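The values are calculated or read from the model by the stated rules, or taken from the named source; none is laboratory data. Because the structure is predicted, anything quoted here is derived from the model rather than measured. Here the Cβ positions follow ideal geometry from the backbone for every residue, glycine too, while neighbour counts run over all protein chains shown.
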Amino acid sequence: MHIGIMTCGGDCPGLNAAIRAVVLRATSRGVSVLGFEDGFEGLLEDRWIALDRDRTAGILPRGGSILGSSGANPFVDGAATASALEVADRHRLTGLIVIGGNNSMATALAAQDAGIPVVGVPKTIDNDVEGTDTTIGYDTAVATATEAIDRLTTTAESHDRVLIVETMGRDFGWIAVAAGMAGGADLVLPPEEPIRVERVIDLVKAQRQRGKRFSIIVVGEGALFEGEKTQTGRPQVGGGRFQLGGVGSRLAEKLAEQAGAPWRITVSVIGHLQRGGSPSAADRILATRFGIRAADAAMDGPHGNMVAISEGHIVLRPLTEVAGRLKPVNRDLLEAARAVFEQP
Ligand code: F6P
């Protein structure tokens, strides 16, 4: 028996831990594992490596993906769909494990509909995949962003700065809110709510009047200014998702223009640091549990599902219910955030 595995979309810490778990589980039953390179591109071009215990030894703590990753989707084109099917059939794949985020779960569903038996595994630092309490990579990204806020806070404090920290997370504030809370930020501006510049100015002024001489403001990269409809960023060279980034600098400009106060404003964009590095213990454990369940489903069925975690238990969710659907920050977390952050 053979199963396949691939990593799709943007990388994150914990992918290798998941790959290793799949390989350990499958090989313990004498099942061989083909690792397709660069997501569905590797399936289409029949590029893969044989994964076994030796090939995956030592990869557990490593960031990135030993398989490479891409957001390729062959199932939008009849000829490419036929080629992908032909490769999957030739390798007699009993199951194909697709590790990815929202878009990749939609591609996995398209593969399943085309006749390839798939199992999805949710990963993304953004934590915005519907149907699972958390995704591989999120815990590490929050830890990295928190550490950045901690480091930036000491320098902001020494120099009376207004410090704006821009986090990743696209359309939702999972990273911004969690890292802002863990890092003790004064204010968090998640994409879930429009940014009201005059309220941010009032907040900083109120803090200074109270004698607090520095402010830490965390803004999610996808946040919109009140009255605007377009997020800050630019089209990706060569196509693909709109590249978010720059909202922190725009906020700094607006504060400088409108506050009428001589604040030293500094912007720090954490950027891809949030996606890199060694996975946290929690991400290693989650990736391992997901990998084991995904391997079982790939070998024995049922196919067409995504593994997920719900209230501490590993469960399967039909891809038809979760693919391409987004998960905003839940009310509990937002309410807890409102209780500890200053209100703009
Ligand atoms: O989806 C994960 C993510 O890191 C987002 O938080 C971010 O907007 C995006 O990917 C960046 O992607 P890229 O590296 O392709 O610009």
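Observations on the structure shown:
- Residue tally, condition in contact (Cβ under 8 Å) with a residue 12 or more places away in the chain, part of a helix (DSSP H, G or I) and hydrophobic (A, V, I, L, M, F, W, C), over the stretch 235-258: 4
- Residue match in the stretch 7-16 (condition: over 19 Å from residue 110 (Cα atoms) and either polar (S, T, N, Q) or away from the ligand (no atom under 16 Å from the Cβ) (or both)): yes
- Residues that are of a type in the set (D, E, K, R) and closer than 24 Å to residue 87 by Cα within the stretch 4-24 comprise just one, 20.
- Test: residue in the stretch 264-273 that is buried (at least 21 other Cβ atoms within 10 Å of the Cβ), closer than 30 Å to residue 66 by Cβ and either touching a residue at least 60 places away in the same chain (Cβ under 8 Å) or under 20 Å from the mean Cα position of the chain (by Cα) (or both): yes
- Scanning the stretch 160-172 for residues that are of a type outside the set (Phe, Trp, Tyr), farther than 15 Å from residue 137 by Cα and either modelled with pLDDT of 95 or more or surrounded by 21 or more Cβ atoms within 10 Å (Cβ to Cβ) (or both) yields 161, 162, 163, 164, 165, 166, 171.
- Subset of the stretch 262-291 [outside any helix (DSSP H, G or I) and β-branched (Val, Ile, Thr)]: 265, 266, 267, 269, 270
- Among (1) modelled with pLDDT under 95; (2) surrounded by 19 or more Cβ atoms within 10 Å (Cβ to Cβ), the one test that residue 215 misses: (1)
- Matching entry among 139, 133 (being within 16 Å of the ligand (Cβ to nearest atom), under 18 Å from the mean Cα position of the chain (by Cα) and within 19 Å of residue 309 (Cα to Cα)): 139
- Matching residues in the stretch 175-207 - criterion: being in contact with a Ser or Thr (Cβ under 8 Å, 6 or more places away or on another chain), away from the ligand (no atom under 16 Å from the Cβ) and of a type outside the set (Val, Ile, Thr): 182, 183, 184, 186, 187, 203, 207
- Which listed residue is farther than 29 Å from residue 142 by Cβ and modelled with pLDDT of 95 or more, from 28, 69: 28
- Residue within the stretch 247-269 that is closer than 20 Å to residue 101 by Cβ and within 16 Å of the ligand (Cβ to nearest atom) present: no
- Yes/no for residue 153 being within 16 Å of the ligand (Cβ to nearest atom), surrounded by 14 or more Cβ atoms within 10 Å (Cβ to Cβ) and of a type in the set (Ser, Thr, Tyr): no
- Considering each residue of the stretch 192-203 in turn, at least one proves to be at pLDDT 95 or above, under 27 Å from residue 127 (Cβ atoms) and in a loop (DSSP other than H, G, I, E, B).
- Residue within the stretch 225-234 that is away from the ligand (no atom under 16 Å from the Cβ), in a helix (DSSP H, G or I), within 26 Å of residue 181 (Cα to Cα) and at pLDDT 95 or above present: no
- Every pair of residues 6+ apart whose Cβ atoms lie under 8 Å, when the first sits in the stretch 143-172 and is within 19 Å of residue 190 (Cβ to Cβ) and in a loop (DSSP other than H, G, I, E, B) while the second is at pLDDT below 95 and of a type in the set (Asp, Glu): 172/192
- Inter-residue pairs, beta-carbon under 7 Å, first of a type in the set (Ser, Thr, Tyr) and in the stretch 103-131, second crowded, with 24+ Cβ neighbours inside 10 Å, 6+ apart: 104/8; 104/98; 107/8; 107/40; 124/12; 124/101; 124/135; 124/137
- Those strands (runs of 3 or more DSSP E) of the stretch 1-94 in which 3 or more residues are in contact (Cβ under 8 Å) with a residue 40 or more places away in the chain, of a type in the set (A, V, I, L, M, F, W, C) and touching a Gly at 6+ places or on another chain (Cβ under 6 Å) occupy 2-8.
- Residue 98 vs. criteria aliphatic (A, V, I, L, M) and surrounded by fewer than 18 Cβ atoms within 10 Å (Cβ to Cβ): no
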